[in-house]
1. Consider MET186 carefully, then state whether it is open to solvent by less than 40 Å² (accessible area, probe 1.4 Å) and either within 16 Å of the ligand (Cβ to nearest atom) or over 22 Å from LEU165 (Cα atoms) (or both).
2. Between PHE162, PHE142, which is crowded, with 17+ Cβ neighbours inside 10 Å, within 16 Å of the ligand (Cβ to nearest atom) and either part of a loop (DSSP other than H, G, I, E, B) or aromatic (Phe, Trp, Tyr) (or both)?
3. What is the one condition in (1) modelled with pLDDT under 95; (2) assigned to a strand (DSSP E or B) that PRO94 does not satisfy?
4. Restricting the search to the stretch 73-87, which residues are farther than 15 Å from ASP44 by Cβ and either at pLDDT below 95 or part of a helix (DSSP H, G or I) (or both)?
5. Looking at this structure, is SER115 within 15 Å of the ligand (Cβ to nearest atom), of a type in the set (S, T, N, Q) and in contact (Cβ under 8 Å) with a residue 60 or more places away in the chain?
6. Filter the stretch 52-73 down to the residues that are out of contact with any Pro (no Cβ under 9 Å at 6 or more places or on another chain), under 14 Å from PRO236 (Cα atoms) and surrounded by 20 or more Cβ atoms within 10 Å (Cβ to Cβ) and list them by number.
7. Based on what the data block shows, is ILE126 within 18 Å of GLU62 (Cβ to Cβ), surrounded by fewer than 23 Cβ atoms within 10 Å (Cβ to Cβ) and of a type in the set (A, V, I, L, M)?
8. Suppose we filter the stretch 35-46 for residues that are open to solvent by less than 40 Å² (accessible area, probe 1.4 Å) and either out of contact with any helix residue (DSSP H, G or I) (no Cβ under 8 Å at 6 or more places or on another chain) or within 16 Å of the ligand (Cβ to nearest atom) (or both); how many remain?
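The values are calculated or read from the model by the stated rules, or taken from the named source; none is laboratory data. All values derive from a computational prediction rather than experimental measurement. Ideal geometry is used to build each Cβ from the backbone, glycine not excepted, and the neighbour counts take in all protein chains shown. Just so you know, the surface numbers come from the protein's heavy atoms only, side chains and all, with ligands and any DNA or RNA stripped out. Shrake-Rupley method; radii C 1.70, N 1.55, O 1.52, S 1.80 Å.
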Amino acid sequence: MSKLRRSAAAPLAALVFCLLGAAAQPARSDATGCQRATFRVVLDVGHTADIPGADSARGVPEYTFNLALADTIKQALLDAGFDKTVRLITATAPWRGLVERAARANDMHADLFISIHHDSVPNHLIETWDYEGQRHQFSDRFSGYSIFVSSDNGDPQGSLAFGRLLGLALQARGLRYTPHYTLPLMGRRQRKLLDAEAGVYSFDLLVVLRQTRMPAVLLEAGSIVNRQDELELATPERRALVAGAVAAAVEDFCAARSAKRPATPGPASKRAKPAALAR
Ligand SMILES: [Zn+2]
């Protein structure tokens, strides 16, 4: 390019920069160094419309609860500036559907994966009652949220760190975790409690946690087979409370990750993994 043409092009380039400058600049960090506009959170809506998980004590499928809570959490994250938040839904049945969820999160290069669920109990603990002329299943024995992480995840330390932040944020809002997963009566659903303060359990074989490369947790937001908890979990107020906790935990996690940069998380574990489990 000649000197003349370059000098003629300069004002135009300046104008284009002024017009497009904001979009062309790298994402801005907040005071903590977290680049909220580029930090991608994937919200996995547990189960599918066709295979919707357990019914609540009053006969509402778990998927309905998961979808409503994921929508509220997504809005809370968007409001907090996490513009790249994605709600992940699939119609594909497990197992393929679960593998697909993890693959999509990996392809999106998500920074954090949160699978949204609502809890039930093993069949041997189920009781029955009549509600509005219909027979339904319930169990009032256990109450509260629980959080699960997998040591086979691509970033198990990050998963546990986020799980702790999330548990503490839920408790700061008056919620409590259920300790019953440590009990022998849970049988094959018995889990090791990794963080007894925050309520984070180990669940190594869960597909969506072990096949994701980024930090990943599964949140059971509460027990929908518990007749009192179900009523509370169905309210916009409870959804907003949980969404506020998730947004606060994501903010803290993003800040902590930014403080650690440029060190990057270690690569996904290369060791052989046993067969995975669905949830
Ligand atoms: Zn579920």
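1. Yes.
2. The conditions single out PHE142.
3. Evaluating PRO94 over (1) modelled with pLDDT under 95; (2) assigned to a strand (DSSP E or B) leaves (2) as the failure.
4. Hits for the stretch 73-87 are GLN75, ALA76, LEU78, ASP79.
5. yes
6. Within the stretch 52-73, PHE65, LEU69, ALA70, ILE73 meet the criteria.
7. yes
8. Qualifying residue count for the region: 5.
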